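Remarks on the structure that follows.
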Amino acid sequence: MPRQYSTLTLAEARQILAGSEAKAESLGIPYNIAVVDAGGHLLAFSRQDGALIGSIDLAIDKASTSRIFDKSTAYLATLAQSGDPLFGIQESNEGKVVVFGGGIPVVFDGKIIGAVGASAGTVEQDIAVAEAGFAAFLSKQPTMS
């Protein structure tokens with residue numbers, strides 16, 4: 001019997017995009033933002049007017065990297081330095097693994113149901129844009145009593 005898992009819906013992905021876009025606008029930087037589902041496949045994407053073309057694949061790959069390894073890309077970066085346990089990991093998966101900040105898993109009810117990736121600013125700004133999308137998603141979820 002196939003294993004079942006929870007995943008983001010398109011509506012939820014749009015909530016994430018909206019939250020990330022609002023943060024990008026507050027920074028004054030046009031962003032590329034990607035949301036992947038629980039399987040790591042692209043679910044939704046936003047390229048704001050004027051966003052860097054070179055950041056399109058980075059946003060998508062940050063989201064995918066975060067999902068396939070179930071870690072933030074910033075955390076993976078700390079493990080991928082020379083002499084550390086994951087050194088060279090960025091060469092795996094056909095070179096699509098991104099090991100700098102801006103990709104974060106989307107966790108709900110203790111399960112990873114997707115991920116968001118953002119690219120266009122500094123690493124810190126990319127992380128903030130991705131986190132704003134995740135926060136927007138969480139704010140729309142029913143509270144548990």
Practice item. Could you tell me whether any residue of the range 14-21 is open to solvent by 60 Å² or more (accessible area, probe 1.4 Å) and free of Cβ contacts under 8 Å to residues at least 40 places away in the same chain? Key: yes
Exercise for review: Kindly indicate whether any position in the range 41-57 is open to solvent by less than 60 Å² (accessible area, probe 1.4 Å) and part of a helix (DSSP H, G or I).
Suggested key: yes
Review point. Within the group Ser72, Ser55, which residue is free of Cβ contacts under 8 Å to residues at least 60 places away in the same chain and among the polar types (S, T, N, Q)?
Key: Ser72
Practice item. Within the range 81-111, work out how many residues are more than 23 Å from Ala24 (Cα to Cα) and free of Cβ contacts under 8 Å to residues at least 24 places away in the same chain. Key: 15
Exercise for review: Tell me which of these Asp109 doesn't satisfy, since it passes every other one: (1) open to solvent by 30 Å² or more (accessible area, probe 1.4 Å); (2) under 13 Å from the mean Cα position of the chain (by Cα); (3) not basic (Lys, Arg).
Suggested key: (2)
Practice item. Test Ala11 against the criterion of being in a helix (DSSP H, G or I), open to solvent by 40 Å² or more (accessible area, probe 1.4 Å) and farther than 15 Å from Ala118 by Cα, and give yes or no. Key: yes
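The values are calculated or read from the model by the stated rules, or taken from the named source; none is laboratory data. If you're wondering where the values come from, they're calculated on a predicted model, not measured in any experiment. Methodologically, a virtual Cβ is constructed for each residue, glycine included, from the backbone with ideal geometry; neighbour enumeration extends over all protein chains shown. These accessible areas exclude ligands, DNA and RNA; they are computed on the full protein's heavy atoms, side chains included. Shrake-Rupley method; radii C 1.70, N 1.55, O 1.52, S 1.80 Å.
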